[in-house]
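What follows is a set of notes on a single structure, which appears directly below.
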Amino acid sequence: MKQLLYRKRNLILFLIPLGIFFTEWAKRDMEAAEHVFARGLYPVYAQLVAALTGWLPFSLAELIVAVGPVVIAALLIRQVVRTVRVKKPAEDGRSVGEQRFVLLMTAVQNLLCLVAVIFFVYVIGCGVNYHRYSANEYLGLKVQESGVDELKGLLIELAQEAVKLREDLATEDERGVYMLPMSIRELGKEAKYAYEALAEEYPIFGGKYPAPKPVTASRLMSHTEITGVFTCWTMEANVNVDISPYSIGSTMCHELAHLRGFMREDEANYISILACRASESPDLRYSGTMLALIYVGNALYGKNADLYFEIYRQYYSAGMMRDLSANNEYWDQFEDTKVAEVANKVNDTYLKANEQDDGVQSYGRVVDLLLAEYRRRKE
């Protein structure tokens, strides 16, 4: 029993209360969350880890998810087998029961140490950043209530921009649906270049970015209705590449926004649109414009469906319609499945736990930022 209490690994367990302390500190002191963590410790940590994992041609996070549970289960089974095999008292006088107790507690202790490390790395690599300044501190947008007229004007503007971009994109499949004219790896490089261009206007987005990682099990990922995942333990932007081609680029830029420490989903969506817009790649610009178009269109549809369809018929090009129709067909395969429902609930709970009170609906708040920008342009 004494050897359990005095093991050095017990110090690892103090990472749990330390992580809780940092989280509560950040909640109460946004200045600390921004300057000590988000702009102090985090960039150093993020770029160091990203440099170590970025050279891998595959997603380390995906490998861990696939292999990790098997390894943990195997180690636990091994410990249980060792425990059961104890049949006689030890040379130091410990009984069979005492030996088995120590072995079982060692397994529990090791598991708790693993949980402590996972939790603490999450806190410093992701959790604290939920409490940093809003991206609006650097973007200077004034968010306020808006009406149908502003939504209409913004949607028409986005549709006209998308039409121009779509005309220059000649790569299509046999149905006339947009296809990427480049490899996923090449598109990932364009996403990195886009952030370099964006940083010229907004230095807060500067720094080194690793290439987004395509997920091998992307089709399986679609069953959860998830298009991308940022993993703070490996500092990788993991992207579902089975989704509609036009949306892959903006998804890459969304996950890279998380890498720069902007964790709120509405802000990551808006930053993704800004990055795509700053890109020299027409494919990436189209992707970002379509992301904005879909969110604004959904918002207008919720307020006035007839007006939305009027704009859709009048302003959307045939190419855009084909792209959107193909996207809807793709996601219809996974709608209302048990896997999707569970994944959506988990994501919703996670976001609410990090003080995004509207949960998965927070993705759609990007419309408020787009309207604020639209309003500023019209002033």
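The values are calculated or read from the model by the stated rules, or taken from the named source; none is laboratory data. Since this is a predicted model, take the numbers as computed values, not measurements. For neighbour counting, all protein chains shown are included, and Cβ atoms are generated from backbone atoms with ideal geometry for every residue, glycine included. When the accessible area is computed, the model is the full protein with side chains, heavy atoms only, and any ligands, DNA or RNA have been set aside. Shrake-Rupley method; radii C 1.70, N 1.55, O 1.52, S 1.80 Å.
Give me the tail of P(r) for region 99-168 as a percent: Cα-Cα pairs with distance above 19 Å. Each step should come with its number before you reach the end.
Numbers: 1696 of 2415 pairs.
Summing the P(r) of region 99-168 above 19 Å gives 70 percent of all pairs.
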Query raised in the report: For the chain, can you list the cysteines whose C-beta has no other cysteine C-beta under 4.7 Å from it?
Result: C113, C253, C276
Report summary line: Expressed in angstrom and ordered largest first, the alpha-carbon extents of region 156-210 along the principal axes are 40, 31, 12
Report task. List, in the order given, every pair from K164/K378; K208/K378; K27/K142; K164/K303 whose Cα-Cα distance in the structure shown is over 29 Å. Result -> K208/K378
Query raised in the report: How much area per residue is accessible in the chain when the probe is 1.4 Å and only protein heavy atoms are counted (Å²)?
Result: 52
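Using a 1.4 angstrom probe on heavy atoms only, work out the carbon and sulfur share of the accessible area of the chain in %. Show your work: numbers first, answer last.
Values: 11700 of 19660 Å².
Roughly 59 percent of what the probe reaches on the chain is carbon or sulfur.
Over the chain, what is the relative contact order in percent, taking alpha-carbon pairs closer than 8 angstrom and at least six residues apart?
Working: 487 pairs, mean separation 78.8, N = 379.
RCO, the chain: 21 percent.
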**Report entry** Selection from V81, V44, I16, by position along the positive dipole direction of region 1-113 (Cβ)
**Finding:** V81
Report summary line: For the pair K142 and T216, the simple spin-label estimate (label points 7 Å beyond Cα toward Cβ) gives in nm 5.3
Requested in this report: Largest first and to the nearest Å, give the Cα extent of the chain along each principal axis.
Outcome: 87, 48, 38
Report task. Could you work out how far apart the two model spin labels at L52 and A305 are, taking each label as a point 7 Å from the Cα in the direction of the beta carbon, and quote it in nm? Result -> 5.3
Requested in this report: Could you state, as a whole-number percent, how many of the C-alpha pairs of region 136-255 are farther apart than 23 Å?
Outcome: 48
Requested in this report: Place +1 on the Cβ of every Lys and Arg and -1 on the Cβ of every Asp and Glu in region 172-217, take the dipole about the Cα centre, and give the residue among L187, P210, A197 whose Cα lies farthest towards its positive end.
Outcome: P210
Report summary line: Among region 88-112, those whose backbone N falls under 20 Å of a label point 7 Å along Cα→Cβ from R9 are 98-112
Report summary line: Taking max minus min of the Cα coordinates of region 1-145 on each principal axis, largest first, gives extents in Å of 73, 38, 31
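Got the relative contact order for region 40-132 handy, in percent, Cα pairs under 8 Å and 6 or more residues apart? Walk me through the intermediate numbers first.
Details: 27 pairs, mean separation 24.9, N = 93.
Once divided by the residue count of region 40-132, the mean separation gives 27 percent.
Which of rounded, prolate or oblate describes region 57-129 when judged by the alpha-carbon gyration tensor and an a/c cut-off of 1.5?
Values: a/c = 5.19, a/b = 2.13, b/c = 2.44.
Judged from the Cα gyration tensor, region 57-129 comes out oblate (a/c at least 1.5, b/c at or above a/b).
Could you please tell me the mean projected area of the C-alpha convex hull for region 219-322, averaged over all directions and given in square nanometres to one decimal? Each step should come with its number before you reach the end.
Details: hull surface 30.7 nm².
Projected over every direction and averaged, the Cα hull of region 219-322 covers 7.7 nm².
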